[in-house]
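Novice: Below is the structure I would like to discuss, written out as structure tokens.
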Amino acid sequence: MGLSHRSAPLPLLERTSLSVDAAGKLLDDVVAAPAVDEAMLLSTCNRVELYASVEKFHAGVAALSDLLARHTGVGFDELSPHVYVHYEDRAAQHLFTVASSLDSMLVGEHQILGQVRAAFRTARDRGDAGGALHDVIERALHAAKRVHAETGIDAVGTTLVEAGLRLGAPGGLDGQRAIVVGAGSMASIAVAALRTAGVGDLVVASRTMVSAELLATRVGGRAAAMADLENEIAGADVVITCTGSDSQVLSADVVQRAMSMRADRPLFILDVAVPRDVDPGVGEVTGVSLFDIDALGPLVDNAVAADDVLEARRIVDMELAAYVSARRASGVAPTVVALRDKGAQTVAAELHRLERRLPNLDDAARAEIAATMQRVVDKVLHAPTVRVQELADTAGPTSYPEALRRLFDLDPSAPAALVAPDLADDEIGLGEQR
């Protein structure tokens, strides 16, 4: 369950953005919900998504939707038109697509792969993610790595930062002075992109000077305190903001004063944060060109060659099919084991009864009888066990393993098949589930 740049406007995404502490509290409540077994939260500048393994579908949807609304502070009625819900194979397909950057604002960007990996690591370390999420996420990450390694999907701009620089500074940045506001992962991408673009003086500003100094040293730049930002902007050509702050860090007043200290030099500001770091009023300041995530939309459709996207989707489909097949096979395995166990127990019981009725059988005759009985059982069970595996692999949610368990009266306490929930559709919207 979640919402992203594809389903919601930027102002709503800003309001649903979660700090680290808020994300942890949301996960605490999600895994405490009776319907939820495992959960992971993926919260980025363009999306907030909950992946969960639940006991019952509708109970899970109700719990997650209530908690998502409560923790983001956005009312359910306002949130629901923009929230999507995927179930079972469609949920896996969505995760594979997201991890492979095919659902990103800029198709082919690398950052989402690391974000999915970090989200899973957090959930795992907290004890919120177990076997069900581990399997699907590991396969999704494998698919994403194949997409980047085997296609040219990331050849034309790998990040929102690079796309923004192409949009706002088409003439290049050779010798210009740039400021990066922030010192996190997106800031690391920003300074690398700026160095590649040929900037001269590079400044990193952050609330934490130690972090700013570490990042600045890594790229041969210098660090600055946030209190000095106005003076730094006065001499800059480019400013990139990516702090992840819950509030704006660059106001129109600060930029206006900075612009008054420069002689009619234009200033390009790129805000890639959600919530936005920069007051939209900055765009009205004379001489300033302000671009945020909304402005990057026109670049998305033509950023990557169509053939590369098609090949990436083919890889995702192939990896998804392999995951689904393996998952269904694992669901069948306990029933097959239970069926074989019952056959072995039946043979053992009949042999024991035979020994009591024919105590004078020699060892050779007894061994031949036992082998014959086992061959008969194996032959009788071979067709149903093979067929149920084939059906489970192709028939979707229909529970053939459960039918087999009932037909052969297998002990429910023994390893048994997974029973598909009573659900007709594999994907609904929040409005529909209500």
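The values are calculated or read from the model by the stated rules, or taken from the named source; none is laboratory data. Every value quoted in this text rests on a predicted model; they were computed, and no experiment measured them. Note that each Cβ is placed from the backbone with ideal geometry, even for glycine, and that neighbours are counted across all protein chains shown.
Novice: Can you go through A62, A23, A39 and tell me which one is in the same structural domain as A119 (by TED's automatic domain parsing), closer than 26 Å to G131 by Cα and modelled with pLDDT of 95 or more?
Specialist: Going through A62, A23, A39 in turn, just one is in the same structural domain as A119 (by TED's automatic domain parsing), closer than 26 Å to G131 by Cα and modelled with pLDDT of 95 or more: A39.
Novice: Sticking with this one: Looking at the range 266-292, I want the residues that are within 15 Å of V238 (Cβ to Cβ) and have a partner that is acidic (D, E) and part of a loop (DSSP other than H, G, I, E, B) with Cβ atoms under 6 Å, at least 6 apart or on another chain. Which pairs are those?
Specialist: Cβ pairs passing all conditions: D271/D277.
Novice: Moving to a separate point now. Looking at S4, S53, S65, which one is in contact with a strand residue (DSSP E or B) (Cβ under 6 Å, 6 or more places away or on another chain) and more than 24 Å from S185 (Cα to Cα)? Quick ask: steps written out before the conclusion?
Specialist: Details: S4 fails: more than 24 Å from S185 (Cα to Cα); S65 fails: in contact with a strand residue (DSSP E or B) (Cβ under 6 Å, 6 or more places away or on another chain).
So the residue among S4, S53, S65 that is in contact with a strand residue (DSSP E or B) (Cβ under 6 Å, 6 or more places away or on another chain) and more than 24 Å from S185 (Cα to Cα) is S53.
Novice: Looking at the range 220-253 only, could you name the residues that are crowded, with 17+ Cβ neighbours inside 10 Å and among the aliphatic types (A, V, I, L, M)?
Specialist: A223, A224, M226, L229, I233, A236, V238, V239, I240, V249, L250, A252
Novice: Which condition number does V20 fail, the rest of (1) out of contact with any Phe, Trp or Tyr (no Cβ under 9 Å at 6 or more places or on another chain); (2) within 23 Å of D125 (Cβ to Cβ); (3) surrounded by 14 or more Cβ atoms within 10 Å (Cβ to Cβ) being met?
Specialist: Checking V20 against (1) out of contact with any Phe, Trp or Tyr (no Cβ under 9 Å at 6 or more places or on another chain); (2) within 23 Å of D125 (Cβ to Cβ); (3) surrounded by 14 or more Cβ atoms within 10 Å (Cβ to Cβ), the one that fails is (3).
Novice: Select, from E14, E38, E88, the only residue that is more than 29 Å from V272 (Cα to Cα) and in contact with a Pro (Cβ under 9 Å, 6 or more places away or on another chain).
Specialist: Numbers: E14 fails: more than 29 Å from V272 (Cα to Cα); E38 fails: in contact with a Pro (Cβ under 9 Å, 6 or more places away or on another chain).
From the options E14, E38, E88, the qualifying one is E88.
Novice: Another one. Residues that are touching a helix residue (DSSP H, G or I) at 6+ places or on another chain (Cβ under 6 Å) and under 28 Å from A326 (Cβ atoms): which helices (runs of 4 or more DSSP H) entirely in the range 41-113 hold 3 or more of them? Walk me through how you get there before you give the answer.
Specialist: Values: elements: 57-72, 76-79, 89-99.
By residue number, 89-99.
Novice: A further question on this structure: Taking the conditions exactly as written (in contact (Cβ under 8 Å) with a residue 40 or more places away in the chain and either closer than 20 Å to V274 by Cα or touching a strand residue (DSSP E or B) at 6+ places or on another chain (Cβ under 7 Å) (or both)), does A144 satisfy them or not? If you could, list the steps in order and put the result at the bottom.
Specialist: Values: in contact (Cβ under 8 Å) with a residue 40 or more places away in the chain: yes; either closer than 20 Å to V274 by Cα or touching a strand residue (DSSP E or B) at 6+ places or on another chain (Cβ under 7 Å) (or both): no.
In short, no.
Novice: Of all residues being in contact with a strand residue (DSSP E or B) (Cβ under 6 Å, 6 or more places away or on another chain) and not in a helix (DSSP H, G or I) in the range 115-141, which is farthest from I315 (Cα to Cα)? Just the residue, please.
Specialist: The extreme case among them is D128.
Novice: Another question about this same structure. Against the definition (exposed (fewer than 12 other Cβ atoms within 10 Å of the Cβ), assigned to a helix (DSSP H, G or I) and modelled with pLDDT of 70 or more), how does K342 come out, yes or no? Before the answer, list the steps.
Specialist: Numbers: exposed (fewer than 12 other Cβ atoms within 10 Å of the Cβ): no; assigned to a helix (DSSP H, G or I): yes; modelled with pLDDT of 70 or more: yes.
Judged against the criteria, K342 is not a match.
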